[in-house]
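Peer 1: Following this message is one structure expressed as structure tokens.
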Amino acid sequence: MFIWATMNSADQGVFPMDTAFKRRWNFTYLGIDDNDEKLQGKYVILADDYSQKVEWNKLRKAINNFLAKYKINEDKQLGPYFISKNIIIPSEGDEIDRDKFIDTFKNKVIMYLFEDAARQKKDKLFEGCFESKSRYSEICKEFEEKGIGIFNHDILLECDVEDIGQATKNSDK
């Protein structure tokens with residue numbers, strides 16, 4: 001009999017269970033970037049003006065590098081499927097559904113970073129937000145407008161955003 005389960009050691013409430021499982025059963029560690037092959041090349045168009053072509057996998061790795069730089073543990077970083085597979089791997093082609101991604105990114109990724117993983121580093125992480133870096137609702141509003149422009153400059157550089165140009169922007173609307 002096999003029991004397959006995942007545990008995140010960052011969840012302090014399961015720490016006693018986690019150590020009990022580790023003593024009693026074998027386990028396999030999966031690295032933060034393991035199994036991300038299917039995500040490569042999958043992109044989404046962001047910002048109000050449809051100007052940013054962003055690959056989810058590169059964006060999450062850039063965010064993780066920022067978190068690591070500020071000594072935030074790996075178990076608090078974003079795994080390849082932090083956003084559900086059915087959202088980030090399109091059924092056809094390489095373009096992720098924009099509306100689903102934006103909604104999920106705001107309500108899951110930004111909220112997680114804001115309230116947990118980067119709670120003490122909000123000012124640095126969301127340095128592209130000019131209205132208010134201390135209000136979740138304002139960060140989400142600016143994300144809709146600026147896309148990944150809300151983030152730290154290092155994240156913008158590292159995730160290799162493609163400016164898709166005015167001609168493409170107008171034809172996509």
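Peer 1: Can you give the FRET efficiency for Ala68 and Glu115, using 1/(1 + (r/R0)^6), R0 = 22 Å, r = Cβ-Cβ distance, to the nearest 0.05?
Peer 2: After rounding, the FRET efficiency stands at 0.70.
Peer 1: As a test of the formula, what do you get for the chain when each DSSP H run with n ≥ 4 contributes -39,500 (n - 2.57) and the sum is divided by the residue count, at 222 nm and rounded to the nearest 500 deg cm²/dmol?
Peer 2: Result for the chain, helices only: -10000 deg cm²/dmol.
Peer 1: With r defined as the distance between the Cβ atoms of Tyr29 and Asp154 and R0 fixed at 30 Å, what FRET efficiency is calculated, to the nearest 0.05?
Peer 2: For Tyr29 and Asp154, the calculated efficiency is 0.60.
Peer 1: Dipole size in debye (nearest 20) for the chain around its Cα centre, Lys and Arg Cβ +1, Asp and Glu Cβ -1?
Peer 2: In debye, rounded to 20, the chain gives about 740.
Peer 1: Quick one: net charge around Lys121, please, counting Lys, Arg +1 and Asp, Glu -1 for every other residue with C-beta under 13 Å from its C-beta.
Peer 2: That sum, taken over residues with Cβ under 13 Å, equals +2.
Peer 1: So, counting K/R as plus one and D/E as minus one, what does the shell of residues with Cβ under 9 Å around Ile139 add up to?
Peer 2: Taking every Cβ under 9 Å from that of Ile139, the sum is +2.
Peer 1: Here's another thing I want to ask about it. Please list log₁₀ I(q)/I(0) at q = 0.12, 0.17, 0.20, 0.21 Å⁻¹ for region 35-173, using the Debye equation with identical point scatterers on the alpha-carbon positions.
Peer 2: Rounded to two decimals, the profile gives -0.44, -0.91, -1.28, -1.42.
The numbers here are math on the coordinates, done by the rules we state, and not lab data. Since the model is a prediction, treat every value here as computed from it, not as a measurement. Glycine gets a Cβ as well: all are built from the backbone with ideal geometry, and neighbour counts include every protein chain shown.
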